[in-house]
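Everything below concerns the one structure shown next.
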Amino acid sequence: GQCEALEGAVSAADEKTLFQEAAVQGQSLLASAGDQGSDDCGDHQQSVDDPASQPWVTAVGATSLQASGDLVWNDSLGASGGGVSRLWARPAYQDGFARPQSSVTCGAAGNACREVPDLSIDGDPATGYIAYYLGAWRTVGGAAIAAPAIAARLPLADASPACAGHSIGFLNPDLY
């Protein structure tokens, strides 16, 4: 992914068509919310990551598992991406859950914009996942690790008795 401003509205709109088609077909698409906190463009302005900001994509952020509980990942190594889209209006599934953001507007929608992430899971490099990488075992993390960790759980949920043989499909409406 990359920050929305670098992606651009035209390319993002083209992506949206494909993501919406996947959702209608019952497919879940997950994307990392990024590792730059709320400054995804690196210009000291609030910004979020595309494709995570897309309304037909489930944005996954990273947390840090601490003795005191699960906290937002934010340290010297990075921070879970998150914030408010400047491109997308708040989707109906976020109504009643997301608050209008007075400092961010998203076109005709005013300040009722898409907010990300939709969910988070452990992704702190200090508490994340053990992987064999570059010739050694290491603890790895970031929102880019968190998104596949969630994606790996979806087939298990689909196979659970609670789903009774039905695919979860597009995840966001059920999350909210």
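The values are calculated or read from the model by the stated rules, or taken from the named source; none is laboratory data. A quick note: this is a predicted structure, and the numbers were derived from the prediction, not measured. All Cβ positions, even for glycine, are placed from backbone atoms using ideal geometry, and neighbour counts span all protein chains on display. Surface accessibility is based on the protein's heavy atoms, side chains included, excluding ligands, DNA and RNA. Shrake-Rupley method; radii C 1.70, N 1.55, O 1.52, S 1.80 Å.
How do 68-74, 58-64 rank on mean C-beta neighbours within 10 Å, highest first?
58-64, 68-74
Accessible area per residue of the chain at 1.4 Å probe, in Å²?
53
Please state the relative contact order of region 104-149 as a whole percent: Cα pairs under 8 Å, 6+ residues apart?
29 percent.
Considering only the other residues whose Cβ falls under 12 Å of the Cβ of N74, what net charge follows from Lys and Arg at +1 and Asp and Glu at -1?
-4
Step through the residues of region 9-22 one at a time and calculate ³J(HN,Hα) from phi using the Karplus curve (6.51 cos²θ - 1.76 cosθ + 1.60, θ = phi - 60°), rounding each to whole Hz and writing x for Gly and Pro.
Result, ordered by residue: 5, 5, 5, 5, 5, 4, 4, 4, 4, 5, 5, 5, 4, 4 Hz.
Return a whole-number percent for the relative contact order of region 1-51, with Cα pairs under 8 Å and 6 or more residues apart as the contact set.
Across region 1-51, relative contact order equals 50 percent.
For C113, what residues show an amide H to amide H distance below 5 Å, using hydrogens built from the backbone and excluding near sequence neighbours?
R90, Q101
What are the residues whose amide H is under 5 Å from the amide H of C3, where those residues sit 5 or more places off or on another chain and H is modelled from the backbone?
The answer is D50.
Starting from the Cα-Cα distance between A67 and A22, subtract it from 0.36 nm times their residue separation and give me the gain in nm to one decimal.
Answer, rounded to one decimal: 12.3 nm.
Explain nothing, just the number: relative contact order of region 55-107, from Cα pairs under 8 Å at least 6 residues apart, as a whole percent.
Reported as a whole number, the value is 30 percent.
State the extension gain, in nm to one decimal, for the chain segment bounded by N74 and R99, taking 0.36 nm per residue of separation less the distance between their alpha-carbons.
Result for the pair: 6.8 nm of gain on full extension.
Going by average Cβ neighbours within 10 Å, how do the peptides 121-134, 37-50 rank, with the highest at the top?
With the highest mean Cβ count within 10 Å placed first, the list reads 37-50, 121-134.
Which FRET efficiency value, to the nearest 0.05, do you get for N111 and A162 by plugging their Cβ-Cβ distance into 1/(1 + (r/R0)^6) with R0 = 30 Å?
0.20
Rounded, prolate or oblate for region 106-150? Axes are the square roots of the Cα gyration tensor eigenvalues, ordered a ≥ b ≥ c, and the cut-off for rounded is a/c under 1.5.
Prolate is the answer for region 106-150, as a/c is 1.5 or above and a/b outweighs b/c.
Between rounded, prolate and oblate, where does the chain land on the alpha carbon gyration tensor, with a ≥ b ≥ c its root eigenvalues, rounded for a/c under 1.5, else prolate if a/b exceeds b/c?
Cα axes put the chain in the oblate bin.
Could you give the semi-axes, largest first, of the ellipsoid that matches region 33-84, computed as the square roots of 5 times the alpha carbon gyration tensor eigenvalues and rounded to whole Å?
Those come to 20, 14, 7 Å.
Just the number, please: carbon plus sulfur as a percent of the accessible area of region 1-71, 1.4 Å probe, no ligands or DNA/RNA counted.
With neighbouring chains kept in place, the figure for region 1-71 is 51 percent.
Working out 0.36 nm times the residue gap between D174 and A92, then minus their Cα-Cα distance, what length gain in nm do you get to one decimal?
Here the answer is 28.3 nm.
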